[in-house]
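What follows is calculated from the coordinates using simple rules that are stated; it is not laboratory data. The model shown is predicted, which means the values in this text are computed figures rather than measured ones. Every residue, glycine as well, gets a Cβ built from its backbone with ideal geometry; the counts of neighbours run over all protein chains shown.
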Amino acid sequence: NEAGSALVKVKRFTCNGFLDPDQNVLENTKELLANMRGILNYIDGKYELTLEDTASSTFTVTDDHIIADTGITVSYEDKSEKANKVVVRFYNMLKKYEMDTVTLFHSATPNYKSDDGGEELELVVDFPYVTNKYVAYNMGEAILARSRNQQTIAFTATPELYKVKVGD
């Protein structure tokens with residue numbers, strides 16, 4: 001248009017690679033989905049595809065849903081699952097599908113290790129079906145953010161919470 005804007009359609013998820021014919025269909029499917037932040041939920045005898053997203057909450061838990069006898073337990077940052085450096089390995093299509101890496105660091109200043117007592121907490125992840133450096137970077141960024149902001153909340157709730165499923 002006259003404002004200089006352009007609409008571009010970009011394929012959100014693509015993958016290139018070889019599936020292992022010795023693995024069953026479910027294992028191959030899980031491996032493909034992991035390369036696009038997807039999971040399979042088994043609900044009522046069927047598999048349902050869920051992609052990690054930043055959508056709004058699907059269910060609001062109130063005091064009425066929590067059984068007060070047990071209370072609420074909140075735990076933060078399990079160091080064994082925390083990272084300040086994430087190395088994503090992928091097959092770069094621009095380098096004739098040779099193995100390549102993208103490395104992301106926690107943004108702590110002045111040093112990415114300073115928030116963790118100077119200790120390097122490296123996490124190496126493989127995405128064999130990712131072939132684009134920018135997709136690999138985004139995957140690593142999501143993994144790093146998730147590891148830095150993890151919380152576990154545990155409580156005993158009323159059966160109404162059975163409406164919520166993994167990924168909601």
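Odds and ends about this structure:
- Across all Cα pairs in the range 102-168, the calculated P(r) in 10 Å bins from zero up to the longest distance comes to 15, 35, 26, 19, 5 percent per bin.
- In the range 80-168, trypsin sites (Lys or Arg not before Pro) in a DSSP loop with at most 11 other beta-carbon atoms within 10 Å: LYS96
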